[in-house]
1. With respect to residue 96, is the statement that it is modelled with pLDDT under 95, farther than 18 Å from residue 8 by Cβ and among the small types (Gly, Ala, Ser) true?
2. Filter region 1-11 down to the residues that are within 23 Å of residue 63 (Cβ to Cβ) and at pLDDT 95 or above and list them by number.
Amino acid sequence: MPEGTLTPAQYEIMDVVWQAGSDGATVAEIWHTISESRSVARTTILNLVDRLEKRGWLNRRDADGGVRYSAAVSRDRTSTALAGEFVQQFFDGSAANLVMSLLGTSRLNADEIRKLRDILDQAPARPGKREGGRP
């Protein structure tokens, strides 16, 4: 995995790059997409893209029409890693504690709870894990 985690603004940039696919995106394209939903300076996007590239989140390549950036890590792999870090940091590694927290705040509706039950019923048991998330 690349170095460090992602801030919300960095994740927003990664989202644009993932949506661009294998062709990647230029800084101008990233800025244009993000500026459609919120006000942001192009230099801010340039600085964030530069940091993401230096930390290994983005690959840079020269192409006709400028420099293009593509994701060094897939969206799925990134989501899995970030979710795991979040659960470890805030729920002592316990996904069950995360779900209980969500249930306690009424953020899950009946349909989402059914989906979770289906996911859990289909998930293979992982050996070596105990309650609390630590092996």
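The values are calculated or read from the model by the stated rules, or taken from the named source; none is laboratory data. For clarity, every value in this text was computed on a predicted model and none was experimentally measured. Using ideal geometry, Cβ is built from the backbone for each residue, glycine included, and neighbour counts are taken over all protein chains shown.
1. yes
2. Taking region 1-11 and keeping what is within 23 Å of residue 63 (Cβ to Cβ), we get 2, 10.
Residue satisfying the conditions is 10 alone.
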